[in-house]
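> Okay, here's the structure, questions in a sec.
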Amino acid sequence: MTGEILLQTLLSGVLIGLIYALVAVGLTMIFGVMDIVNFAHGEFLMFGMYSSFWLFSLFALDPLITLPLTVLMLFALGLVVYQLVIKRIINAPPLSQIFATFGMMILFRGLAQFFWKPDFRTIENSYSSGKVVFAGLHFGLPQIIAGVGAILATGAVWWFINRTRLGAALEATAQDKDAAQLMGIPSQRMFALAWGIGAACAGVAGVLLSSFFPIFPEVGANFILIAFVVVALGGFGSVSGAFWAGIIVGVVEVVGGFLLGPEYKMAIVLSLFLLVLLVRPQGLMGRA
Amino acid sequence: MSRLLVVENLGKRFGGLAANEAISFELQAGQIVGLIGPNGAGKTTLFNCIAGFYQPSEGTIHFLGKDITGHASAQMAHLGIARTFQIVRSFGSLTVLENVMVGAMLRNKGVGAARERALAALEFCGLAGRIAMTASNLTVAEQRRLELARALATEPKLLLLDEIMAGLTPSEVHEAVHLIKEIQLRGIACLIVEHVMEGIMPIADHMIVLDYGRKIAEGTPAEISRNPAVLAAYLGE
Amino acid sequence: MTAHRPNTRRNATLALALAVACILPLVVTSPSHQNFLILILMFAQVGVAWNILGGYAGQVSLGHVAFFGIGAYTSTMLFIHAGISPWLGMLAGGLVSSCFAVAIGWPCFRLKGHYFSMATIAVAEILQVLFTNWESVGGAVGLNVPLAEQGWANMVFNTSKLPYYYIALGLLIVTLLANWAIERSFLGYYFRAIKDEPDAASSLGISLTRYKLVAIAISSFFTALGGSFYAQKELYIDPGSVLSTSLSIKMALVTILGGVGSLFGPVLGSTLLTSIEEVTRQAFGGSGMGTDLILYAAIIIVVAVYYPTGIVGWLRQIRRRYAKPEARG
Ligand SMILES: Nc1ncnc2c1ncn2[C@@H]1O[C@H](COP(=O)(O)OP(=O)(O)O)[C@@H](O)[C@H]1O
Ligand SMILES: [Mg+2]
C-alpha cells in the first residue's frame, strides 16, 4: 500500500519535473549563449497560458490545437524583447542586466494585470478533468498530456541544437562567441535566436499547464526560482542537463513535500540547489 | 649568497596536459633569473604555481628555507613574493596612486603611510606625473610600470615579472631594463619571463629555458645562446 | 591643493541637506506624508548598508532581506519575551545577523557572479519558508510588538510619526558615517580592489574570503538595524513583510538607481524610487489595473539600459560637461 503511494508520488514528481525541465531549457539556453539571467522567464510562460486561455474562451479552440500559434507569438516576443532591451545591455555590468530583466518581469505582470485583470482563470476543456488509471495508480489526463508534450518539446530543442546546422552555430556561439564570429556566425542573430527559442519553450510549457493550472498575472513566480534551480543543477547552458535536473527537482519537490509537508517543498528544493552549487559549482551534470 | 627560492621536481597538470613537468631550479637572493621558452612552454603556469595561484600537482617550493608549496596567493605576498600579470590587471575604479596604495597597505594599513610609500614607488617607476589618472587611461608601457610599482609597494624579496616588455618600443624596453637593474640594486631578486631576448639577455645573471613544460637548459645567458637544444626549440617554434 | 574648493562646496551642500532633513517633517505634518518621508530614509539606510557588500566589494547579494528579517525578528522576540528595549534588541539583531551572514558567506563566497546572487536568493527564500512555519516566532501570522508604554525607552510611538522620522534619519546618518569611515580606511581600498580585479588583489596579499566576510558582516549588521526599526515603526512583522525577496531586490535597486559604490547614491536612489512608487500608487494604484507596476517597471528598465551608472553617474556627466568650458575660459 505505502509502496503504491510512494510510486504514485514519484511519478507525479516526474510529470511536474518534465514541465520544469521545459521551462528551464529556455532559460539555460539564454544563459548559455549570452550569460544573462532572465528574471522575466516565468512571464513568457504566463503569456503562453493567456494565449491558450483567450484562444480557448473566444474561439473555443483547444490549447493543443492553438499551440503552434502560441509558439510563434512567443518566439516573436522573445525576438522583440531581445531587440528592444537585451541588445542594449549585452556589455553592461551584470547588475544592470539583472535589473533590466527584473524590470521586464514586473512590466509583463503589470501589462497582464492591465489588460486581463488580476483574476484567476481556468480552462475547462474536454480532457481537463480526465483521469488515467494505470496499474492501480491514478493520474490526471492533462498532467499526462503535459508530461508527454514536455518530453517532445525538450527533445525537439535537443535535436535542433545537436542535429542541425543552425543549432550547431548556436552552440558554437555559446562556447566562444568571438571565435564563432570569426567563423562567420553572427553573434547578434544567435543571441536573438536564443531569446526566441527560450521564450517559445516557456510558452509551450504555459500551454501545457493551462488546462490544469490557474492562469493569473503572477503565475510565473511559481516557476522562476525552480527554473533557476534546474538550470544550476543541470549545468548552466546544458539542455540535456536541464532535462534530467528538471525531473530530479520535480521528484525531490513532490516526495520531499510528501514526507515533510507541502509547506517545505520550496525550502527542500532550494537547499538541494545550495548544496549542489557549493559542492559542484559547475552543476550536477555540467562540464568541469 | 643565500638560496631564496628552491623549486624541486615541480609538476602541474590540467587534465591530461602536463603544463609543467619535473622542473627544478634555484634562485639566489638579489639575483635576476630569466625564464624563457616558446609560447605555451609553461612559463606562466610556473609563475602561477610559485605565486600561489595554482596548486602544484607535484613537487615542492621552498622560500627562505620554508616549505610554501600550495600556499594561497595572499600568503605568498605576505612572505615576500610579488608578481605582475602577463595581461595587466589594474583596478579600474581606482586612480594610479590608489592602485599602488593597495599594494603598500600590505605592510602598513594606515592610509597616510600607504600614500607616502605608494608615491615613492611611483616616483621610482617614473609615474609620478600620472598619479591622479585612472589606470585605464595610461599607455601600455605605463600600465606595465603601474603593475610593477604596485608589486614593489608590497616590499617583496622576490618579484615575478611576466612579459613586462611585450609590445614595448625599443626605447621603452631600454627604460624597463634600466628599471629592473635599479630594482636589483635594492636587493630584490627577480624571476623574469620574457619573450624579448634583447631585454632579458643583458641583465640576467642566470637563465632557465622551458619547452613543452620541461626545463631543457639552464646557465648563463652566454651559455644559453649557444645551447643547441635551446636553438632547436626556438627554431622549431 | 586644488581639492579645497569643491570640498567646501560639498560640505555646504551636506549641511544644507541635513538642515532640510531636520526641518522637513515639521513643515510636512500630514501623517501619510511623514510616513512617506520615513520610507525614503529607511530604504536609503538599507541601501547604504547593501552598498557596502554589493557596491564597494562587488558581491551582488539578492538575499539581503534575510538580514533585515533577522534584525526585525531578533529585536521583536527579545522585546516580547525578555522585555528588552528595542534599542538594545536592535544591536543584538545586528550581531545575530552578522554571525548568520558570516556563516552563510563562508561557503557562498566561493561562488562568482550570478551564481553568488542566486545562492543569496535561495538562502533568503529558505529562511522565509522556515519562519513561515516556525510557530514560536509567530509562523505565517507574524508577531505584534507588545503594546508597551509609549516613548523613547521602548521606541514605541502611537500618536505621532515624528519620532520615527528622526530615528530613521539618525540611523541613516550613522550608517552613512560608517560607510564614509570605511571608504577612507584601507577597507574601502581593499573592497574596491576585490571588486575590480580579485586576482590582482590577492597577489597583493588581500585574502579575498576574509575581506568579503568583513564586508558582509558590516553590511548585514546595518541592514538588520533597518529591520528592527521597521518592526518598531509598523509594530507588526510577518515573513511576507520582512523576509520577501522583493525587498532584497529593492535594496539593490535603490543603490543601482542612485549609483553603485558611491556614498550618497542609495540616498538619491531611495528618494527617487520611493517617490515614483508613491506617486504611481496614488495616481493609479487603487484601480488594480497594474498601471503603477507598468510605470515602475518602465523606469527600472530605462535606468538599467540607459543610465547604468545611476543618478550619481549622470550628475557627474553633467558636471563634467559644464566644468569644461569654464576651465577653458
Ligand atoms: N588554467 C588552464 N587550464 C588548462 N590549460 C592551461 C591553463 N593554463 C595554461 N594552460 C595550458 O598550459 C600550457 C602552458 O601555458 P602557459 O603556462 O600559459 O605558457 P606560456 O606562458 O609559456 O606561454 C598551454 O598549453 C596552455 O594552454
Ligand atoms: Mg605566458
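Here's the yes/no breakdown for (1) among the hydrophobic types (A, V, I, L, M, F, W, C); (2) more than 14 Å from chain B (Cβ to nearest Cβ); (3) farther than 20 Å from C:Leu225 by Cβ:
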residue: C:Glu149; (1), (2), (3): no, yes, yes
residue: C:Leu169; (1), (2), (3): yes, yes, no
residue: C:Leu176; (1), (2), (3): yes, yes, no
residue: C:Tyr189; (1), (2), (3): no, no, yes
residue: C:Ile194; (1), (2), (3): yes, no, yes
residue: C:Pro198; (1), (2), (3): no, no, yes
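> Further, regarding this structure: Step by step: first the residues of the stretch C:103-119, then only those that are crowded, with 16+ Cβ neighbours inside 10 Å and aliphatic (A, V, I, L, M), then the one that is farthest from the other protein chains (Cβ to nearest Cβ). Which residue is that?
C:Ile104
> Can you find a residue that is surrounded by fewer than 19 Cβ atoms within 10 Å (Cβ to Cβ), more than 13 Å from ligand 2 (Cβ to nearest atom) and within 24 Å of B:Ile183 (Cα to Cα) anywhere in the stretch B:38-60?
No; the residues of the stretch B:38-60 include none that is surrounded by fewer than 19 Cβ atoms within 10 Å (Cβ to Cβ), more than 13 Å from ligand 2 (Cβ to nearest atom) and within 24 Å of B:Ile183 (Cα to Cα).
> Mind listing just one residue for me: the one in the stretch B:17-52 that is within 14 Å of chain C (Cβ to nearest Cβ) and among the hydrophobic types (A, V, I, L, M, F, W, C) and, of those, farthest from the chain's Cα centre (by Cα)? Let's see the steps before the verdict.
Quick first cut of the stretch B:17-52, residues within 14 Å of chain C (Cβ to nearest Cβ) only: B:44, B:47-52.
Next cut, among the hydrophobic types (A, V, I, L, M, F, W, C) only: B:47, B:49-51.
On the way: B:Phe47: 7, B:Cys49: 12, B:Ile50: 10, B:Ala51: 9 Å.
Here the residue is B:Cys49.
> Looking for whichever is of a type outside the set (Asp, Glu) and either buried (at least 16 other Cβ atoms within 10 Å of the Cβ) or touching a Pro at 6+ places or on another chain (Cβ under 9 Å) (or both) here; the options are A:Gly149, A:Gly155, A:Gly136. Which one fits?
Details: A:Gly155 fails: either buried (at least 16 other Cβ atoms within 10 Å of the Cβ) or touching a Pro at 6+ places or on another chain (Cβ under 9 Å) (or both); A:Gly136 fails: either buried (at least 16 other Cβ atoms within 10 Å of the Cβ) or touching a Pro at 6+ places or on another chain (Cβ under 9 Å) (or both).
Selected residue: A:Gly149, the only one of A:Gly149, A:Gly155, A:Gly136 that is of a type outside the set (Asp, Glu) and either buried (at least 16 other Cβ atoms within 10 Å of the Cβ) or touching a Pro at 6+ places or on another chain (Cβ under 9 Å) (or both).
> Here's another thing I want to ask about it. I need the full set of residues from the stretch C:200-221 which are surrounded by fewer than 24 Cβ atoms within 10 Å (Cβ to Cβ), of a type in the set (Gly, Ala, Ser) and more than 8 Å from every other protein chain (Cβ to nearest Cβ), in order please.
If the condition is that a residue be surrounded by fewer than 24 Cβ atoms within 10 Å (Cβ to Cβ), of a type in the set (Gly, Ala, Ser) and more than 8 Å from every other protein chain (Cβ to nearest Cβ), then C:Ala217 is the only one that fits.
> Of B:Met201, B:Met197, B:Met165, which residue is more than 14 Å from chain C (Cβ to nearest Cβ), within 16 Å of ligand 2 (Cβ to nearest atom) and more than 15 Å from the chain's Cα centre (by Cα)?
Exactly one of B:Met201, B:Met197, B:Met165 is more than 14 Å from chain C (Cβ to nearest Cβ), within 16 Å of ligand 2 (Cβ to nearest atom) and more than 15 Å from the chain's Cα centre (by Cα), namely B:Met197.
> For the stretch B:27-37, what are the residues that are more than 12 Å from ligand 1 (Cβ to nearest atom) and either within 20 Å of B:Ser225 (Cα to Cα) or crowded, with 22+ Cβ neighbours inside 10 Å (or both)? Don't jump to the end; show me each part of the working.
Of all residues in the stretch B:27-37, those more than 12 Å from ligand 1 (Cβ to nearest atom) come to B:27-34.
Matches in the stretch B:27-37: B:Leu27, B:Gln31, B:Ile32, B:Val33, B:Gly34.
> As an exercise: evaluate B:Phe14 against (1) within 17 Å of the chain's Cα centre (by Cα); (2) within 16 Å of ligand 2 (Cβ to nearest atom) and give the number of the one condition it does not meet.
With (1) within 17 Å of the chain's Cα centre (by Cα); (2) within 16 Å of ligand 2 (Cβ to nearest atom) applied to B:Phe14, the lone miss is (1).
> So A:Asn222 passes all but one of these: (1) within 12 Å of another protein chain (Cβ to nearest Cβ); (2) touching a residue at least 40 places away in the same chain (Cβ under 8 Å); (3) surrounded by fewer than 22 Cβ atoms within 10 Å (Cβ to Cβ). Which condition number does it fail?
Answer for A:Asn222: the failing condition is (1).
> How many residues, within the stretch C:266-280, are in contact (Cβ under 8 Å) with a residue 40 or more places away in the chain, touching a Leu at 6+ places or on another chain (Cβ under 8 Å) and within 14 Å of chain A (Cβ to nearest Cβ)?
Counting residues in the stretch C:266-280 that are in contact (Cβ under 8 Å) with a residue 40 or more places away in the chain, touching a Leu at 6+ places or on another chain (Cβ under 8 Å) and within 14 Å of chain A (Cβ to nearest Cβ) gives 2.
The rows are residues; the columns are (1) within 16 Å of ligand 2 (Cβ to nearest atom); (2) within 14 Å of chain C (Cβ to nearest Cβ); (3) not in a strand (DSSP E or B).
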{"site": "B:Ala151", "(1), (2), (3)": "no, yes, yes"}
{"site": "B:Thr154", "(1), (2), (3)": "no, yes, yes"}
{"site": "B:Glu175", "(1), (2), (3)": "no, no, yes"}
{"site": "B:His178", "(1), (2), (3)": "no, no, yes"}
{"site": "B:Gln184", "(1), (2), (3)": "no, no, yes"}
{"site": "B:Cys190", "(1), (2), (3)": "no, no, no"}
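> Another question, if that's okay. Go over the candidates C:Tyr73, C:Tyr56 one by one and state the one that is in contact with an Asp or Glu (Cβ under 8 Å, 6 or more places away or on another chain) and surrounded by 24 or more Cβ atoms within 10 Å (Cβ to Cβ).
Details: C:Tyr73 fails: in contact with an Asp or Glu (Cβ under 8 Å, 6 or more places away or on another chain).
After ruling out the rest, the residue left standing is C:Tyr56.
> Considering each residue of the stretch A:89-123, count those that are facing another protein chain (nearest Cβ under 7 Å) and under 17 Å from A:Met190 (Cβ atoms), and give that number.
Residues in the stretch A:89-123 being facing another protein chain (nearest Cβ under 7 Å) and under 17 Å from A:Met190 (Cβ atoms): 1 in total.
> I would also like to ask the following. Restricting to the stretch A:2-60, name every residue that is β-branched (Val, Ile, Thr) and assigned to a helix (DSSP H, G or I). Break it down into steps so the answer makes sense when it comes.
Start the filter on the stretch A:2-60 by keeping residues that are β-branched (Val, Ile, Thr), which leaves A:2, A:5, A:9, A:14, A:16, A:19, A:23, A:25, A:28, A:30, A:33, A:36-37.
Within the stretch A:2-60, A:Thr2, A:Ile5, A:Thr9, A:Val14, A:Ile16, A:Ile19, A:Val23, A:Val25, A:Thr28, A:Ile30, A:Val33 meet the criteria.
Any read-out appearing in this document is the output of simple, stated calculations on the displayed coordinates, not a laboratory observation. Remember, predicted model here, so these are calculated numbers, not experimental data. So basically every Cβ, Gly included, is an ideal-geometry build from the backbone, and we count neighbours across all protein chains shown.
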